[in-house]
Amino acid sequence: MKSNKKRLGKRIITWLVLAIAAVMLFIGILILSVYLGVFGKIPAPTDLLAIEQDNASLVYSADGTLMGKYYLINRQSIGNDAISPFVREALIATEDNRFFEHHGLDFISLGRVIFKSVLLGNTSQGGGSTISQQLAKNLYGRKSYGIFSLPVNKIKEMFIAQRLEDVYSKEEILTLYLNTVAFGEDVYGIEAAAWRYFNKPSANLNVPESATLIGMLAANTYYNPRLYPERSTTRRNLVLSRMVVQGFVTEKDAEKYKVQPIQLDYNLMGMNRGIAPYFRAFIRRQVNKILKEKYGDTYNPETDGLNIYTSINIQLQSYAEQAVAKHMQKLQAEFDNHWKTKDPWYQYPEVYQKRLQKTTTYKQLKTDGKSNAEIEKKLNIPHTMQILSPEGEQVVEMSIADSVKHYLRMLNTGFLATDPKTGAILAWVGGINHKYLPYDHVLAERQVGSTFKPLVYTTALNSGMQPCQMFVNEQRVYEDYDDWSPSNSEGVYEGWYSMKGGLKNSVNTITAEIMMETGPSNVVELARALNIDTHIPEVPSIALGTAEISLFEMVEAYTAFANNGYTVNSFGILRIEDNEGNILYEQSSPQYGQVAFNEDVAVQITDMLQGVVNEGTGRSLRSIYGVHSDIAGKTGTTQNNADGWFIGYTPDFVAGVWVGAELPVIHFRTIALGSGAHQALPVFGLVVNKMENDNTLANLYLSPFPSLPDTLLLAMDCPDFTLEKPDKNLLDKFIDIFDRDDSAAIAKKEQKKAKRARKETVKKEEKEGFFKRVGKFF
């Protein structure tokens, strides 16, 4: 009996030894197979040294404020010296406390983890993989090998970890790891995470912030401080406890940090988020074009970690975005109340039907062979969806059909501000929300209304007409132009207007008559000289703004009025650097165009357009928005109130606003609500009001216009309007005055004085330097 038991025991031991030997042999063969590349090549040291990761390109304002990013992967790789020491300490304490003692594999920590975590259930010990092993996993990922997936991937990571330790220093491995690790929400690397959750660079993270982010590495969604603050706090405090054990933080300080709530400064910066998203989309195309022309396919803004510095004035951009949000919310409420339950497109039902047929659901149902009745029923079933409302994003129960109507009723806007002395783009708001409505209305071509009139008057002055030339206010039929008969918006036809009075009060009949004297071709020629490249038909109706031109081109045209007749090419990029700081492109100086008209004409037009703001259609800038600065400007309203415009300027600042629905058939029904003065001017007023209370912006951009020389004052000394026909043409009176010898001498003296003053101004500006105007960055 004892003999049998003894033999059985020997067999068991023998089988056990053989089993262990077989397992060891299998493991050895598996390890050798992995090493020899049976399951895929293990990166060689040269491969590891050549590691390149996709990095986001960063877009900055003129003063160096981070505005947004271009990326395929939201990562910002940084150097070791740019990472907070608290982050490195939290990482080592939590993930690999023997990091500086091992060579990629830590068998002591692995054994401790197996014993204490697995056998004793103590979860405070951390994981068994070293930072180097985790880095290997982050860099090369894991592949599926069936039932062998886990052991093969683990063995691969061990080999890669040891090779990483051979070619990189410990500090370099820490930096590589922190630049690759995922922090949830499509964020990779500590720098991008620091900006996302705390709106600061990694170098500025304090102890509790560092512990919070490192705590996320265990499960970046589960411990997300925005989504689950209680879980994140618990995890942060565990990290702090481990930092105490490792001597990185005193117990007293740790206890102080543990009772503090997590203070997020959440900053969602992406393609549609961040500062000036419409402008950044525009600049992205410009960057691609510049780099393509200079370097071919060498650079990709989405992967190469470029630094792009723009001309945007961050404070002015902020004021513009605030003004748009405030006014458009108010205007949308007025629009909805104006139409109530009635569809604004009720006279054009095809507008709604065409938009409905463009939806993905409609197209899919049509492809599936559904009948029109079935499609209509499906499109009218409510379901949960996220929409854009005047108050912001909302989750609602709404059908697809109703969502189409919702967005058709929505008004939109464009705002653009530039520096006329340099051409620098200062602020750009292309719409009310880039995520939901990415179409950029700064670049959209719309009928420009009366904002085109100054071009007609400029052409007239340039051809020799005088501001005091009088025109009768009557509705005429121009038979040579298909019986065109322009009417005034108020329907009033009486009296006489001087040229300057016609522009100040935006009288259509006067503008039409001036157009007939100047000729449409001459006006179009001036428009081209003012950098308007859009095709403009040579017909007289363009005098009233029937041409479709973008806000971008109109603002650029108005810079010549502020710039004494000189055009200037607008730009938004100051400099592009590669990821090592080498300059790839730099805007070196203003890009002046041509002299579109002489200085005296510019001064006279500006004086007339100041009258628009002080007494004419733009007077609400003073009475409602409390603007005190010298402003010249022009309102614009198109047929049926489809488009509202306002463009205003000072000697150092030009800004334009457009407001309307995406489709021109959707609009207000009254001029009181649909005029440019009501729809567009308020955005300009809100922005300039903010600028006046900002000393820096006021000093930069709100300087007064110079006084008119006496000769030009005399030339404009006439009434805007008179009910009775003038006894004598005021132009003749002007000529009579200057026929006198003394007056001619005065005129000549004043002209020389004015030219000297202008030359001194130009010299002063050149001395100040180009880049001093566009931003502190240079």
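The values are calculated or read from the model by the stated rules, or taken from the named source; none is laboratory data. From a predicted model like this one, the values you see are computed outputs, not experimental measurements. Here the Cβ positions follow ideal geometry from the backbone for every residue, glycine too, while neighbour counts run over all protein chains shown. Side chains are part of the model used for accessible areas, which takes the heavy atoms of the whole protein and leaves out ligands, DNA and RNA. Shrake-Rupley method; radii C 1.70, N 1.55, O 1.52, S 1.80 Å.
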Test set (1) more than 33 Å from the chain's Cα centre (by Cα); (2) among the aliphatic types (A, V, I, L, M); (3) more than 22 Å from Leu240 (Cα to Cα) - Leu176 fails condition number: (1)
Hey, Lys378 hits all of (1) surrounded by fewer than 18 Cβ atoms within 10 Å (Cβ to Cβ); (2) touching a residue at least 40 places away in the same chain (Cβ under 8 Å) but one; which does it fall short on? (2)
Pick from Lys405, Lys421: which is open to solvent by less than 80 Å² (accessible area, probe 1.4 Å), at pLDDT 95 or above and of a type in the set (D, E, K, R)? Lys405
Select from segment 323-374 the residues that are under 28 Å from Gln679 (Cα atoms), part of a helix (DSSP H, G or I) and among the charged types (D, E, K, R) and list them in ascending order. Lys326, Lys330, Glu334, Asp336, Glu350, Lys354, Arg355
hydroxyl-bearing (Ser, Thr, Tyr) and touching a Pro at 6+ places or on another chain (Cβ under 8 Å), is that true of Ser403? no
Is it fair to say Asn569 is open to solvent by 10 Å² or more (accessible area, probe 1.4 Å) and over 25 Å from the mean Cα position of the chain (by Cα)? no
Inside segment 545-570, the number of residues satisfying the requirement of being outside any loop (DSSP other than H, G, I, E, B) and at pLDDT 95 or above is 15
Sort through Val17, Val59 and tell me the only one that's out of contact with any Pro (no Cβ under 6 Å at 6 or more places or on another chain), at pLDDT below 80 and either surrounded by 10 or more Cβ atoms within 10 Å (Cβ to Cβ) or not in a helix (DSSP H, G or I) (or both). Val17
From the options Thr212, Thr130, Thr221, Thr234, residue that is β-branched (Val, Ile, Thr) and within 18 Å of Leu48 (Cβ to Cβ): Thr130
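A quick yes/no check of all residues on (1) touching a Ser or Thr at 6+ places or on another chain (Cβ under 9 Å); (2) open to solvent by 10 Å² or more (accessible area, probe 1.4 Å); (3) free of Cβ contacts under 8 Å to residues at least 60 places away in the same chain; (4) under 24 Å from Ile312 (Cβ atoms):
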site: Met398; (1), (2), (3), (4): yes, yes, yes, no
site: Leu411; (1), (2), (3), (4): no, no, no, no
site: Ile425; (1), (2), (3), (4): yes, no, no, yes
site: Gly430; (1), (2), (3), (4): yes, no, no, yes
site: Ser450; (1), (2), (3), (4): yes, yes, no, no
site: Lys453; (1), (2), (3), (4): yes, no, no, no
site: Gly464; (1), (2), (3), (4): no, yes, yes, no
site: Asp482; (1), (2), (3), (4): no, yes, yes, no
Is it true that Gly581 is in contact with a strand residue (DSSP E or B) (Cβ under 7 Å, 6 or more places away or on another chain) and either closer than 30 Å to Pro344 by Cα or assigned to a loop (DSSP other than H, G, I, E, B) (or both)? no
Number of positions in segment 488-521 that are open to solvent by 10 Å² or more (accessible area, probe 1.4 Å), small (Gly, Ala, Ser) and in contact with a helix residue (DSSP H, G or I) (Cβ under 9 Å, 6 or more places away or on another chain): 3
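One line per residue, one yes/no per condition, for (1) open to solvent by 10 Å² or more (accessible area, probe 1.4 Å); (2) among the aromatic types (Phe, Trp, Tyr); (3) modelled with pLDDT of 95 or more:
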residue	(1), (2), (3)
Ser589	yes, no, no
Tyr592	yes, yes, no
Val595	yes, no, no
Glu599	yes, no, no
Gln604	yes, no, yes
Thr617	yes, no, no
Val627	no, no, yes
Pairs where the first residue, in segment 562-578, is without any contact (Cβ under 8 Å) to a residue 40 or more places away in the chain and on the phi > 0 side of the Ramachandran plot and the second is part of a loop (DSSP other than H, G, I, E, B) and open to solvent by 30 Å² or more (accessible area, probe 1.4 Å), C-beta under 9 Å, 6+ apart: Gly565/Asn598
Filter segment 236-275 down to the residues that are closer than 30 Å to Tyr71 by Cα, part of a helix (DSSP H, G or I) and among the aliphatic types (A, V, I, L, M) and list them by number. none
Gly431 being among the small types (Gly, Ala, Ser), under 16 Å from Gly392 (Cα atoms) and either under 15 Å from the mean Cα position of the chain (by Cα) or at pLDDT below 95 (or both): yes
Count of residues meeting criterion [open to solvent by 70 Å² or more (accessible area, probe 1.4 Å), at pLDDT below 50 and touching a Ser or Thr at 6+ places or on another chain (Cβ under 8 Å)] in segment 112-146: 1
For residues that are in contact with a helix residue (DSSP H, G or I) (Cβ under 8 Å, 6 or more places away or on another chain) and of a type in the set (A, V, I, L, M), scanning just segment 588-607, find the one that is nearest to Lys453 (Cα to Cα). Ile605
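Conditions (1) in contact with a Pro (Cβ under 9 Å, 6 or more places away or on another chain); (2) crowded, with 22+ Cβ neighbours inside 10 Å; (3) free of Cβ contacts under 8 Å to residues at least 40 places away in the same chain, marked per residue:
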| residue | (1), (2), (3) |
| --- | --- |
| Phe148 | no, no, no |
| Ile190 | no, yes, no |
| Phe198 | no, yes, no |
| Pro208 | no, yes, no |
| Met216 | yes, yes, yes |
| Ala219 | no, no, yes |
For segment 671-721, which residues satisfy the criterion of being assigned to a helix (DSSP H, G or I), of a type in the set (Gly, Ala, Ser) and over 23 Å from the mean Cα position of the chain (by Cα)? Ala672, Gly674, Gly676, Ala677, Ala698, Ala715
The lone exception for Asp652 - which of (1) farther than 24 Å from Glu615 by Cβ; (2) open to solvent by less than 20 Å² (accessible area, probe 1.4 Å); (3) among the charged types (D, E, K, R) it fails: (1)
Any chance Arg446 is open to solvent by 20 Å² or more (accessible area, probe 1.4 Å), more than 29 Å from Leu714 (Cβ to Cβ), assigned to a strand (DSSP E or B) and of a type outside the set (Ser, Thr, Tyr): yes
